[in-house]
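> One structure coming up, written as structure tokens, with questions to follow.
The values are calculated or read from the model by the stated rules, or taken from the named source; none is laboratory data. Please read all numbers here as calculations on a predicted model, not as lab measurements. Cβ sites come from the backbone with ideal geometry, for glycine too, and all protein chains shown count toward neighbours.
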Amino acid sequence: MKRPVIAPPRPWTFPAPRTARLDNGLAVQAFHRPGQHLINATLVLDLPLHTEPPDSEGVSAVLQRCLDEGTATHPGTEYAERLENCGAVLGAGISYAATHVSLEVPSTRFAAALPLFAEAVTEPTLDDADVRRHVALRLAEIEQQRAHPVHRGAEAFRAAVIAGEFRAARPVAGSASTVEGISTEKVRARYHAQYGPARGTLVLAGDFGSDPLPLVAQAFGGWHRPAAKAVAEQPGAGAQQVLLIDRPGAVQADVRLGSFGIDRTDARWPALRLGAFVLGGGFLSRLNRVLREERGYTYGVQLTNVPARHGGLLAVHASFRTDVAAAAIAEARELIRVDGERAISADELAGAVNYLIGITPLRCATAAGITDQVAALIEAGLDADFVNRHAAQLQRVTPDEATAAISDLLPPDGLTLVVVGDAEALAEPLRAQGLDPTVVTERSGAGLSDPSA
Amino acid sequence: MGRMSADVRYSLHQATLDNGLRVIINPDSSVPVVAVNLWYDVGSRDERPGRTGLAHLFEHLMFEGSAQVAAGEHLAAVQGVGGSANATTWFDRTNYFETVPTGALDLALWLEAERLATLEVTQHNLDTQRDVVLEEKRQRYDNVPYGDVLIHLVELTFPAEHPYGHPTIGSMDDLAAATLADAHRFFATHYVPNNAVLTLVGDVEPADALRRVAASFGQLARGNHVARAETPPLPPLTGVPRREVSAAVPADAVYLTWRLPPRDTVAFDAVELALAVLGDGQTSRLHRRLVRTDTIAEGAGASATGMIGGNSIGFAHARALPQVSADELEAAIVDELDRLRDRGPSADEVDRAKAQYERAWLGELARFDSRADLFSGYATLHGDPDAVNRRLDDVRSLTVDAVAQAASTILDPAQRAVLTYRKVTS
């Protein structure tokens, strides 16, 4: 049988929400999605982390983790019992610009769960025992993350490519030395200063039997807490570094080679997304085709491109087995060059456009897919229609623009390299490739964000 | 008050092609996308001794090209039309799936049929993908703390020669020994239309979709597939088998396992709810006791993994806070097991476990790809995709007594196996 001809996709646009604003200032966006029997509601609160006291960084994360440990109306574990009885679950996310709290619940029990969701945000008790427990749990989590090569690499890369004076260079949930300084008073003070309806947008999606807005007004309308307007930090890039973080005996090296990137508001964003897909997004991307499919060096290599409110992180990321890691890094650096003959071609670009446009309805098929997308945009200061505008922009990007975005933002010889692996086995081969790594050992590890330490 | 439980049913259109391929179609036009999902009834349980890991290695080879498709092009072609594709291997199955804009349905079907008809496995592909799988094992199992947990647990819970006695990733020695002839034999034995179920979920009209399926797969010949021998259920574990792993992990941890009844039986469903009462969520007994009250664990939980071949596996686990030993964790878990078995769960706890089951189940149904996977799975393992539509009723109908009974008879600490990680400071 011959390869079939593809019919063009049925046109699809990101749905428009029903919007409203409660008297207390809380913005609401509701997406009715027939057939989606799980409702997802996500509250996005502007909450920049650079306003955390330097001696208790992580206080916002601990606060967020305590929200479901009891409310004024349902103290202690009674709260979680009520919530779980509805078949509901609360989720949470935190970035350097915003805090997200989300509810997922079967549509049949949405009306019962929504007031409970509101309680967690509007009247958490923030008990001393809960705060102390979550501080201890965060300290244990830091140990777990340190032991994990991917976490360790992500944290070190962030600390390296973002200049050290910015909050975004340091862990979102705090470091051991700052988490130890988090007290119940500080958590409560943070809550009172930062949580308020005027800072928030509630995004809802799912199959609503009836209009959800009256329920939202009932649950959140009584929330009155002024919180000063928040302005997010604008971080800047750090100096180029080559770091080798020692994990004695590791059988693979977790590798990140990249730079401080851009966010969705940058005019180059569509071009960068396309270029990043060509180099390291698709299965037969320039990087994966060679390093996985031809060489068998890795289970997979990607060029990750993650936008923040201001700026972003751009990195080639893979785990390579130790004995080929240095060679793989050198080859990766060649594979991301887009000069001359290696410029991004029209065919490559067309495939990337098809992928990025085609994948959107697939990702937005569920209630959670819709709220995740919209919440990310709200956090970035954008509206839901950005998805449609962005799709139109993707189709206008030229191969030259995609090539230029990559060569500007990912200059192969100006990138920061962070390798987490067995330093004894890796240092010499890296030097042989012309890289001169600063080796970070367990003992010097406290100075991760300061490579001179 | 309105109905508190969702009543979710999907219309299913079923057919079997002359070559034995079972086809299931669930139309849903909410987004202009269709999920294509193909289960082959072959998993790591079908591997022969000395060739563990072959099912998974073979899954990789399925992407390495056929008569009209170059190596790696399968995934690239799907991505190039704005879709996604992948595959997974597990004890009981190997599944392949694409989610594509509706207009690309024919491409996804053709790619699947093409490799089933004319897969080309070469020594070069075999060698490269063997390297890739070794990297996958290093990345997922060897290079992360506790990454080898599943390997130890299946080895503790099942005898080595049992179909579930080795993990899907297999042994490195066996992978190294796998030959081109092994791969060809594996393909000829298991990759035949009459050993597969194809499901479409999405923006299609059933009769038209079935015609397209028949056009792609209809000309493939039925294979000589021999049904596997039934695996009889094993009796409960005895003597509390133990394994201790000393490793550079950040904290001590303990894992308990049990042999459970096979998946989607009344007994399995009841013990799954019992394990949820024990260890699912913030209000579960293990979380309350170990994390909240005693503050000895940074996390604790319990769950069941359903399998079809005679037994499933039940798990309970906890990870220690600093200065706490794995022995303390194990003692606390056993104490909670005893309490649960002595007095049974409360009606409130069982209702909560059912409500949480419902949410998780609706979550699987929400996405086209995971919904399609459920239909393929129930058709393959239980012979009836419509069981998906009855699933919530089945779980809701379980009584508190049935859950108490399951806890008491199955989750006996005397019938557990124990894996302990002890932190070694280098």
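> Using the structure shown, decide if A:Ala228 is outside the structural domain of A:Leu49 (by TED's automatic domain parsing), part of a loop (DSSP other than H, G, I, E, B) and surrounded by 20 or more Cβ atoms within 10 Å (Cβ to Cβ). Give the derivation first.
Working: outside the structural domain of A:Leu49 (by TED's automatic domain parsing): yes; part of a loop (DSSP other than H, G, I, E, B): yes; surrounded by 20 or more Cβ atoms within 10 Å (Cβ to Cβ): no.
When the stated conditions are applied, A:Ala228 does not pass them.
> Sticking with this structure for a sec: Just one of the numbered conditions (1) free of Cβ contacts under 8 Å to residues at least 40 places away in the same chain; (2) part of a loop (DSSP other than H, G, I, E, B) is not true of B:Leu75; which one?
Unmet condition: (2).
> Moving on to the next point. In a loop (DSSP other than H, G, I, E, B), surrounded by 18 or more Cβ atoms within 10 Å (Cβ to Cβ) and within 22 Å of the chain's Cα centre (by Cα), is that true of A:Ala384? Full working, then the answer.
Details: in a loop (DSSP other than H, G, I, E, B): yes; surrounded by 18 or more Cβ atoms within 10 Å (Cβ to Cβ): yes; within 22 Å of the chain's Cα centre (by Cα): yes.
Considered against the rule, which asks whether it is in a loop (DSSP other than H, G, I, E, B), surrounded by 18 or more Cβ atoms within 10 Å (Cβ to Cβ) and within 22 Å of the chain's Cα centre (by Cα), A:Ala384 comes out as yes.
> Separate question: Among the residues of the range A:4-26, are any acidic (Asp, Glu) and under 24 Å from A:Glu104 (Cα atoms)? Full working, then the answer.
To start, the set of residues in the range A:4-26 that are acidic (Asp, Glu) comprises A:23.
Adding the requirement that they be under 24 Å from A:Glu104 (Cα atoms) leaves none.
No, the range A:4-26 has no match at all.
> Has the range A:232-250 got any residue that is buried (at least 21 other Cβ atoms within 10 Å of the Cβ) and at the interface with another protein chain (Cβ under 9 Å from one of its Cβ atoms)?
Within the range A:232-250, one or more residues are buried (at least 21 other Cβ atoms within 10 Å of the Cβ) and at the interface with another protein chain (Cβ under 9 Å from one of its Cβ atoms).
> Within the range A:94-114, work out how many residues are more than 15 Å from A:Leu26 (Cβ to Cβ) and away from chain B (no Cβ under 14 Å).
Within the range A:94-114, residues that are more than 15 Å from A:Leu26 (Cβ to Cβ) and away from chain B (no Cβ under 14 Å) number 4.
> Something else: Considering only the range A:14-27, how many residues are in a strand (DSSP E or B) and under 15 Å from A:Gly196 (Cβ atoms)? Walk me through how you get there before you give the answer.
Filtering the range A:14-27 for residues in a strand (DSSP E or B) gives A:18-21, A:27.
Retained after the next criterion (residues that are under 15 Å from A:Gly196 (Cβ atoms)): A:21, A:27.
Result for the range A:14-27: 2.
> Additional query: Could you list, in sequence order, the residues of the range B:341-353 that are facing chain A (nearest Cβ under 8 Å) and surrounded by fewer than 21 Cβ atoms within 10 Å (Cβ to Cβ)? Show your work before the answer.
Kept after step one, since they are facing chain A (nearest Cβ under 8 Å), are these residues of the range B:341-353: B:348, B:351-352.
Hits for the range B:341-353 are B:Asp348, B:Asp351.
> Just the residues that are part of a loop (DSSP other than H, G, I, E, B) and either within 14 Å of chain A (Cβ to nearest Cβ) or touching a His at 6+ places or on another chain (Cβ under 7 Å) (or both), please, taken from the range B:235-260.
Once the filter is applied, which keeps residues that are part of a loop (DSSP other than H, G, I, E, B) and either within 14 Å of chain A (Cβ to nearest Cβ) or touching a His at 6+ places or on another chain (Cβ under 7 Å) (or both), the range B:235-260 yields B:Ala248, B:Val249, B:Pro250, B:Ala251, B:Asp252.
> What's the number of the condition B:Asp384 fails, among (1) outside any helix (DSSP H, G or I); (2) in contact with a His (Cβ under 7 Å, 6 or more places away or on another chain)?
Failing condition for B:Asp384: (2).
> Please verify whether the range A:395-417 includes one or more residues that are farther than 30 Å from A:Phe31 by Cα and in a strand (DSSP E or B).
Checked against the condition, which is being farther than 30 Å from A:Phe31 by Cα and in a strand (DSSP E or B), the range A:395-417 yields at least one hit.
> Checking B:Ala331 against (1) in a helix (DSSP H, G or I); (2) in contact (Cβ under 8 Å) with a residue 12 or more places away in the chain; (3) under 29 Å from A:Ala136 (Cβ atoms): exactly one of these is not met. Which one?
Only one criterion in (1) in a helix (DSSP H, G or I); (2) in contact (Cβ under 8 Å) with a residue 12 or more places away in the chain; (3) under 29 Å from A:Ala136 (Cβ atoms) is unmet by B:Ala331, namely (2).
> May I pose another question? List the number of the failed condition for A:Arg292; all other conditions in (1) among the basic types (Lys, Arg); (2) more than 16 Å from A:Gly275 (Cα to Cα); (3) surrounded by fewer than 18 Cβ atoms within 10 Å (Cβ to Cβ) hold.
(3)
> Another question, if that's okay. Could you tell me whether A:Arg363 is within 13 Å of another protein chain (Cβ to nearest Cβ), surrounded by fewer than 20 Cβ atoms within 10 Å (Cβ to Cβ) and of a type in the set (Lys, Arg)?
Details: within 13 Å of another protein chain (Cβ to nearest Cβ): yes; surrounded by fewer than 20 Cβ atoms within 10 Å (Cβ to Cβ): yes; of a type in the set (Lys, Arg): yes.
When the stated conditions are applied, A:Arg363 passes them.
> Still on this structure: Give the residues of the range A:331-349 that are assigned to a helix (DSSP H, G or I), in contact with a helix residue (DSSP H, G or I) (Cβ under 8 Å, 6 or more places away or on another chain) and within 14 Å of another protein chain (Cβ to nearest Cβ), sorted by residue number. So that I can check it myself, show each step before the final result.
Initially, the range A:331-349 is screened for residues assigned to a helix (DSSP H, G or I), giving A:331-335, A:340-342, A:346-349.
So of that shortlist, the ones also in contact with a helix residue (DSSP H, G or I) (Cβ under 8 Å, 6 or more places away or on another chain) come out as A:331-332, A:335, A:346, A:348-349.
Within the range A:331-349, A:Ala346, A:Glu348, A:Leu349 qualify.
> Continuing with the same structure: Using the structure shown, decide if A:Leu409 is more than 11 Å from every other protein chain (Cβ to nearest Cβ), within 24 Å of B:Val100 (Cβ to Cβ) and buried (at least 21 other Cβ atoms within 10 Å of the Cβ). Outline the logic, then answer.
Values: more than 11 Å from every other protein chain (Cβ to nearest Cβ): yes; within 24 Å of B:Val100 (Cβ to Cβ): no; buried (at least 21 other Cβ atoms within 10 Å of the Cβ): yes.
When the stated conditions are applied, A:Leu409 does not pass them.
> Consider the range A:115-135. How many of its residues are touching a Ser or Thr at 6+ places or on another chain (Cβ under 7 Å), within 14 Å of chain B (Cβ to nearest Cβ) and either hydrophobic (A, V, I, L, M, F, W, C) or surrounded by fewer than 18 Cβ atoms within 10 Å (Cβ to Cβ) (or both)?
The qualifying residues number 3.
> Where residues in the range B:139-152 are in contact (Cβ under 8 Å) with a residue 40 or more places away in the chain and within 13 Å of chain A (Cβ to nearest Cβ), which of them is nearest to B:Ala326 (Cα to Cα)?
Step one: filter the range B:139-152 for residues in contact (Cβ under 8 Å) with a residue 40 or more places away in the chain, giving B:145-146, B:148-149, B:152.
Applying the additional criterion that residues be within 13 Å of chain A (Cβ to nearest Cβ) yields B:145-146, B:148.
On the way: B:Pro145: 16, B:Tyr146: 14, B:Asp148: 17 Å.
So the residue we want is B:Tyr146.
> Here's a follow-up. From the list B:Glu136, B:Glu98, B:Glu155, which residue is acidic (Asp, Glu) and at the interface with chain A (Cβ under 10 Å from one of its Cβ atoms)?
Values: B:Glu98 fails: at the interface with chain A (Cβ under 10 Å from one of its Cβ atoms); B:Glu155 fails: at the interface with chain A (Cβ under 10 Å from one of its Cβ atoms).
Answer to the selection: B:Glu136.
> Do you know which of the residues in the range B:21-49 that are in a loop (DSSP other than H, G, I, E, B) and within 18 Å of B:Ala221 (Cα to Cα) is nearest to the chain's Cα centre (by Cα)?
Initial filter on the range B:21-49 (in a loop (DSSP other than H, G, I, E, B)): B:21, B:28-32, B:41-43, B:47-49.
Those still in the list that are within 18 Å of B:Ala221 (Cα to Cα) too: B:21, B:41.
Numbers: B:Leu21: 22, B:Asp41: 13 Å.
Here the residue is B:Asp41.
> Only one of these is modelled with pLDDT under 95 and surrounded by 21 or more Cβ atoms within 10 Å (Cβ to Cβ): B:Gly43, B:Gly82, B:Gly2. Name it.
Details: B:Gly43 fails: modelled with pLDDT under 95; B:Gly2 fails: surrounded by 21 or more Cβ atoms within 10 Å (Cβ to Cβ).
Every option except B:Gly82 fails the conditions.
> Next up: Can you report the number of residues in the range A:28-65 which are in a helix (DSSP H, G or I) and crowded, with 24+ Cβ neighbours inside 10 Å?
So in the range A:28-65, the residues in a helix (DSSP H, G or I) come out as A:49-51, A:54-56, A:59-65.
Retained after the next criterion (residues that are crowded, with 24+ Cβ neighbours inside 10 Å): A:49, A:59-60, A:62-64.
So the answer is 6.
> Please go through the range B:82-95 and give me each residue that is away from every other protein chain (no Cβ under 12 Å) and either charged (D, E, K, R) or out of contact with any Phe, Trp or Tyr (no Cβ under 6 Å at 6 or more places or on another chain) (or both), ordered by number.
Residues satisfying the conditions are B:Thr88, B:Thr89, B:Trp90, B:Asp92, B:Arg93.
> Moving on to the next point. Could you tell me which of the residues B:Asp18, B:Asp106 is farther than 27 Å from B:Val395 by Cβ, more than 9 Å from chain A (Cβ to nearest Cβ) and either surrounded by fewer than 19 Cβ atoms within 10 Å (Cβ to Cβ) or over 25 Å from the mean Cα position of the chain (by Cα) (or both)? Break it down into steps so the answer makes sense when it comes.
On the way: B:Asp106 fails: more than 9 Å from chain A (Cβ to nearest Cβ).
Checking each option against the conditions leaves just B:Asp18.
> Would the range A:196-213 turn up any residue that is assigned to a helix (DSSP H, G or I), outside the structural domain of A:Ala376 (by TED's automatic domain parsing) and more than 25 Å from A:Gln373 (Cβ to Cβ)?
Quick first cut of the range A:196-213, residues assigned to a helix (DSSP H, G or I) only: A:197-199, A:213.
Within this subset, residues satisfying the condition of being outside the structural domain of A:Ala376 (by TED's automatic domain parsing) are A:197-199, A:213.
Next, only the ones that are more than 25 Å from A:Gln373 (Cβ to Cβ) stay: none.
The answer is no, given that none of the residues of the range A:196-213 is assigned to a helix (DSSP H, G or I), outside the structural domain of A:Ala376 (by TED's automatic domain parsing) and more than 25 Å from A:Gln373 (Cβ to Cβ).
> Among residues belonging to the range B:168-186 that are of a type outside the set (S, T, N, Q) and crowded, with 18+ Cβ neighbours inside 10 Å, point out the one that is nearest to the chain's Cα centre (by Cα). Please lay out each step first, then the result.
The initial filter retains those residues of the range B:168-186 that are of a type outside the set (S, T, N, Q), namely B:169-170, B:172-178, B:180-186.
Now restrict to residues that are crowded, with 18+ Cβ neighbours inside 10 Å: B:169-170, B:174-175, B:178, B:182-183, B:186.
Details: B:Ile169: 13, B:Gly170: 16, B:Asp174: 22, B:Leu175: 22, B:Ala178: 24, B:Asp182: 25, B:Ala183: 23, B:Phe186: 21 Å.
Selected residue: B:Ile169.
> Counting only residues that are under 27 Å from the mean Cα position of the chain (by Cα) and among the polar types (S, T, N, Q), which one in the range A:74-114 is surrounded by the most Cβ atoms within 10 Å (Cβ to Cβ)?
It comes out as A:Thr99.
> Name the residues in the range B:235-250 that are at pLDDT 95 or above and surrounded by 15 or more Cβ atoms within 10 Å (Cβ to Cβ), would you?
B:Pro236, B:Leu237, B:Val245 - these are the residues of the range B:235-250 that are at pLDDT 95 or above and surrounded by 15 or more Cβ atoms within 10 Å (Cβ to Cβ).
> Does the range A:206-218 contain at least one residue that is touching a residue at least 40 places away in the same chain (Cβ under 8 Å), of a type in the set (D, E, K, R), within 14 Å of chain B (Cβ to nearest Cβ) and more than 18 Å from A:Val62 (Cα to Cα)?
Yes: one or more hits.
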